[in-house]
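Remarks on the structure that follows.
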Amino acid sequence: MNTPISPASSDRTFPSEELNARVQAVQTLIAEHDLDGIVIATPENIYYLTGLDHWGFFACHLLIVSRDGQMILTCRAMEGITVENQVHNAQFLGHADHESVADYCVRALSELGINGGRVGLEKDSLFLTAHIAEDIQSKAATTHWSNASGLVDGLRL
């Protein structure tokens, strides 16, 4: 179930109505590709869907979106204050620097009820290394993975 964010306030990059419409467009895209969810790894698409804009994107950030519009953002725990101030439409799972973002991605997949389902992964991202992508896929081995690179980009552009 999509949980729309509250009405826009002056401290948000995009009005909540705009973000809600963007998430709904991604939900439609997910359904059209017969997916249960998508793992977004490009900062541009995470910004497009959440408004998160900061210097921390040098480290891997993943936004997991389920078909019903629920979203979980996972990145370094130290980004928690920034995420709290900027992101109002996604749950946050922060990992310590010694922990694996892949573990948190798999946790997010499970919390959203899509681990083991059909999930798209944005593989064409400078911020998602081959090691992390392979780690996610091996730790969620029952998930049916497809390359979702470019899907959200088409909406954003």
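Derivation of every value follows stated rules applied to the coordinates shown; laboratory data play no part. Computed from a predicted structure; not experimentally measured. Counting neighbours? That spans all protein chains shown, and the Cβs are built from the backbone with ideal geometry, glycine included.
Tabulated values for the structure
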quantity: For the range 106-145: span of alpha carbons on each principal axis (Å, largest first); calculated: 27, 16, 15
quantity: Ellipticity estimate at 222 nm from DSSP helix runs (n ≥ 4, -39,500 (n - 2.57)) divided over the chain, nearest 500; calculated: -11000 deg cm²/dmol
quantity: Radius, Kirkwood style, for the chain when every pair of distinct Cα atoms is counted (Å); calculated: 15.3 Å
quantity: Inverse of mean 1/r across different Cα pairs in the range 67-157, Kirkwood, Å; calculated: 14.1 Å
quantity: Percent antiparallel among DSSP beta bridges (both partners in the range 10-153, rounded to 5); calculated: 40 percent
quantity: Magnitude of the charge dipole, the chain, Cβ model with Lys/Arg +1 and Asp/Glu -1, debye to 20; calculated: 160 debye
